Structure formats: structure tokens, C-alpha cells
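The values are calculated or read from the model by the stated rules, or taken from the named source; none is laboratory data. The structure presented is a predicted model; accordingly, all values stated were derived computationally and were not measured. Don't worry about glycine lacking a Cβ; one is built from the backbone with ideal geometry, like all the others, and counts go over all protein chains shown. These area figures cover heavy atoms from the full protein model, side chains too; ligands, DNA and RNA do not enter into them. Shrake-Rupley method; radii C 1.70, N 1.55, O 1.52, S 1.80 Å.
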Amino acid sequence: MKKKDVNSSRVPVYRDAGFELFNADITSQAFENEKNPRHDPDFYIYSRYRNPTVVSAEQEIMKLEECNWAFLTQSGMSAIETSLSVFHKGKSTPPMLFFTEIYGGTISFIDTVLASRRGVDVRYFTPENGRYDYEALEKMIAEIKPGVVYIETISNPMLIVSDIRKVIKIASKYGSKVIVDNTFATPLLYRPLEDGADIVIHSATKYLSGHGNITAGVICGNDENIRKEIIEYRKLVGHMISPDDAYRLQTQMESFSLRFMKQCSNAANLAAFLSNSVMISEVWYPGLPGHTTHDLAADLFSKKGYGAMITFDIKGIDRNEKRSRRDSFIKMVSEKIKLIPSLGDSRTILMPVEAVWGVKYPEPGMIRLSVGFEDYGQIESTISCALKAL
């Protein structure tokens, strides 16, 4: 039954692999349309190219980001891969500059694929004392003239907030494109495209979907030339999200603003609670006045919120005691707060930092907490009981 035959309030799930083209003339027009795709019911060809359910979800994300285009992919990593790959031009590719405080999977892709397999000249820029030196950044960009500068708004797991506006200003001065992973901040706290970023990506697996039951990525922007490159690349390598996941993402985004702002509120309250616990040696959260980038975060996010991620360190007289206390804490909260290698879920979940970032952050007492939108009292009570038991 076609949508027009029923009064559906949503675009249905179109699971067609290929779409019916009614005659040779329509077929020619449809393939010509693929060079500059528009939403026309007669011109859908194949779901690896475009799909009506996917397009509908993309249009909702365009409203969130207030951008000219958005393309969904099947995961955050495929969004990252696509965004970087469209700037790879073989041996003529200029260097690519990456801030070191980015997702570990992104680092692995950079080192394993971009550098080792594709031969891209990869450079890294490292923070000092929990913040970036933007004078040093300009000096580096002026020297190497990178084609791309890649950065996260809020870093993982130390939650360093970057001065995206300053990065964009410096990069544009030297002709570099700026890609921003805005997953932790989301469009509700900050929209980098408004300040001139070339591409913004999200792991839509996280806050945009918000329930831990799909994987998805999205690439957003305004530049028409980049748009053409991305839609062609996604089509050729098959990075298209499934229509079922696109449908679920679109319905879950209806509650996005309510969910995320509640998570930010819960995180702010919990960070304050943790910072006063005698069992916690340090708390990293941009909303705390003592955080190295608190003032920058307050300005960049207009004090709307500071995200829903917290990293904290459990006290101990030595590494063995800290590791033992960490493991005990994780076990004691496990009925309510699960150890799950993700974030942005409806529930509060956690990850031991040492297990994932051991070489970079080898402190055994550190835990990264993704705060959910449960009743705040329940979250604090669960954690308080465990800390007291330690």
C-alpha cells in the first residue's frame, strides 16, 4: 500500500533495493538527476544511491544543524571515513592535521588507513596542561599548510573543549578545510557550521538516536562542491544507512532536545556531587569552574549546558589499590549502571579508561561516565552507595 493511500504521519520504511522506473525516458532522467540529486518520487533508482526513508531523516537533521545538506551513513566511523576520504587526492594530497584529543577509532583509522595504506602525510597537534595553544597551532598550520584540520568540539575522554571559532579562523587564513566531530556537544549546544566549519560530523549512534539500539553517522555542511563529492563517495563505497535504521533514527530524534538537555542537567549535578566525594581524586567536566576549558565552554555553548560526559578518578594509595577500587565500584553499580563500550544511551553507562586508552591514559582509577536521562536521584544514589562501600 502506497503512503498516499493511508494517512500516515511519517514517511514509511522503503525497503526496496531498486525502484521501478516506468519508461526509458524516466530512466535517463533519473540517472541524470543523480548528478545533482533532488527529492523526486520518480527519480529514485537504487537504495545504495538514495532512499526516500533515508532522505526524510536527513532532512530532519538539516533542520537541527540549520545546514544545506546532510548525508546519513551506517556508522560514525563511516561518516569519518567519508569526510576525510573526499579530500584524499592521491600523491597530490596535502598534509592532514589532527588534534590528538579525538576518538580512538578515528586515530586508528588515521594511522592504519590514511597514513599506512594511503600514504597521507599525517600530523598531530597536542594540548599542553589540558588546553590547546592556538598561537602554536597557527605556527604549525602556516608551516605545513594542511588541506584538512580535524578536531572534536569536546574531546574523548578528557573533555577538553576546543576553541572551534579560533581554529576555523586560523585554518581559513591558510586555505585549510575544517572538519569538526560535534558528537559530544550536539547541535543543541553548538553549531560549528555557523562559524564557518566546512564539515560537521556526528556519530548519530549516540545522542541523536539516544537509545543504544542503532548505529549511524551523519555528515553535514553547506558547501556545494563538498556535497557532490560526499554523495558520490557514499554511493560508490556503499556507506548508505539502512532504511530501517533511518526510520528509527528519525522517530528517536523527535525527543532529542528533551533527552539531551536532561542528560546535561543530570551530568552537571553529578559532576558537582563527585567533586565533593572523599573517594574521588579528580573530576573532569567542562561545567565545573576548575576545568581547564570551563570559561571557553561557557562562551562557546552560551551556558546552555556542558555535555553529558564525565570522567573521574577513584583515589588509592597506589596503582593496585586504585585498580581494585575501580573494579569494586564497577561491580557494585552494575545492576543500574552497565559497563558498555558506547555513550549517549538513555541509561547511564560507564567505561574504565585504562582498558581502552591504556597507553595514552594509563591511570587505573579513571572511569568515563555517560550520563543518561533517568531520574537524577536514582543515579546519585547508586553511585553514592558504591563510593561509601569503598
*What are the residues in region 230-279 that are of a type in the set (Asp, Glu) and open to solvent by less than 40 Å² (accessible area, probe 1.4 Å), if any?*
ASP245
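Counting only residues that are open to solvent by 80 Å² or more (accessible area, probe 1.4 Å) and free of Cβ contacts under 8 Å to residues at least 12 places away in the same chain, how many does region 280-304 have?
Residues of region 280-304 that are open to solvent by 80 Å² or more (accessible area, probe 1.4 Å), as a first pass: 282, 289, 295, 299, 303-304.
Next cut, free of Cβ contacts under 8 Å to residues at least 12 places away in the same chain only: 289, 295, 299, 303.
Counting residues in region 280-304 that are open to solvent by 80 Å² or more (accessible area, probe 1.4 Å) and free of Cβ contacts under 8 Å to residues at least 12 places away in the same chain gives 4.
Counting just the residues of region 7-47 that are open to solvent by less than 90 Å² (accessible area, probe 1.4 Å) and charged (D, E, K, R), which one comes out nearest to VAL237 (Cα to Cα)? Spell out the reasoning first.
The first filter runs over region 7-47 and keeps only residues open to solvent by less than 90 Å² (accessible area, probe 1.4 Å), leaving 8, 10-14, 16-19, 21, 23-24, 26-30, 33-34, 36-37, 40, 42-45, 47.
Next, only the ones that are charged (D, E, K, R) stay: 10, 16, 34, 40, 42.
On the way: ARG10: 29, ASP16: 19, GLU34: 16, ASP40: 23, ASP42: 24 Å.
Only one residue tops the list, namely GLU34.
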_For region 187-205, give me each residue that is open to solvent by less than 40 Å² (accessible area, probe 1.4 Å), closer than 21 Å to ILE230 by Cβ and not small (Gly, Ala, Ser)._
PRO187, PRO192, LEU193, ASP198, ILE199, VAL200, ILE201, HIS202, THR205
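May I ask you to say which residue of SER346, SER324 is small (Gly, Ala, Ser), within 17 Å of ARG259 (Cβ to Cβ) and surrounded by 15 or more Cβ atoms within 10 Å (Cβ to Cβ)? Please lay out each step first, then the result.
On the way: SER324 fails: within 17 Å of ARG259 (Cβ to Cβ).
Result: SER346 is the single residue among SER346, SER324 that is small (Gly, Ala, Ser), within 17 Å of ARG259 (Cβ to Cβ) and surrounded by 15 or more Cβ atoms within 10 Å (Cβ to Cβ).
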*Which of the residues that make up region 89-116 are in a loop (DSSP other than H, G, I, E, B), modelled with pLDDT of 95 or more and out of contact with any Gly (no Cβ under 8 Å at 6 or more places or on another chain)?*
SER116
*Could you list all residues from region 66-108 that are among the aromatic types (Phe, Trp, Tyr) and open to solvent by less than 10 Å² (accessible area, probe 1.4 Å)?*
TRP69, PHE98, PHE99
*Report the residue count in region 162-206 for those that are of a type in the set (Val, Ile, Thr), within 14 Å of the chain's Cα centre (by Cα) and in a strand (DSSP E or B).*
5
*asked:* Restricting to region 134-169, and then to whatever is open to solvent by less than 10 Å² (accessible area, probe 1.4 Å) and touching a Lys or Arg at 6+ places or on another chain (Cβ under 6 Å), can you tell me which residue is farthest from ARG123 (Cα to Cα)?
replied: PRO157
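Only one residue in SER328, SER302, SER277, SER281 is part of a strand (DSSP E or B) and among the small types (Gly, Ala, Ser), so which one is that? Quick ask: steps written out before the conclusion?
Details: SER328 fails: part of a strand (DSSP E or B); SER302 fails: part of a strand (DSSP E or B); SER277 fails: part of a strand (DSSP E or B).
Testing whether each residue is part of a strand (DSSP E or B) and among the small types (Gly, Ala, Ser) leaves just SER281.
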*asked:* Looking only at region 348-379, count every residue that is assigned to a loop (DSSP other than H, G, I, E, B) and under 19 Å from TYR285 (Cβ atoms) and tell me the total.
replied: 8
*Pick out the one residue from GLU354, GLU363, GLU380, GLU374 that is within 29 Å of ALA204 (Cα to Cα), open to solvent by 50 Å² or more (accessible area, probe 1.4 Å) and touching a helix residue (DSSP H, G or I) at 6+ places or on another chain (Cβ under 8 Å).*
GLU380
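Can you spot a residue in region 303-316 that is over 22 Å from the mean Cα position of the chain (by Cα) and over 14 Å from ARG368 (Cα atoms)? If you could, list the steps in order and put the result at the bottom.
Let us first name the residues in region 303-316 that are over 22 Å from the mean Cα position of the chain (by Cα), namely 313-316.
When the remaining residues are screened for being over 14 Å from ARG368 (Cα atoms), the result is 315-316.
Yes: region 303-316 contains one or more residues that are over 22 Å from the mean Cα position of the chain (by Cα) and over 14 Å from ARG368 (Cα atoms).
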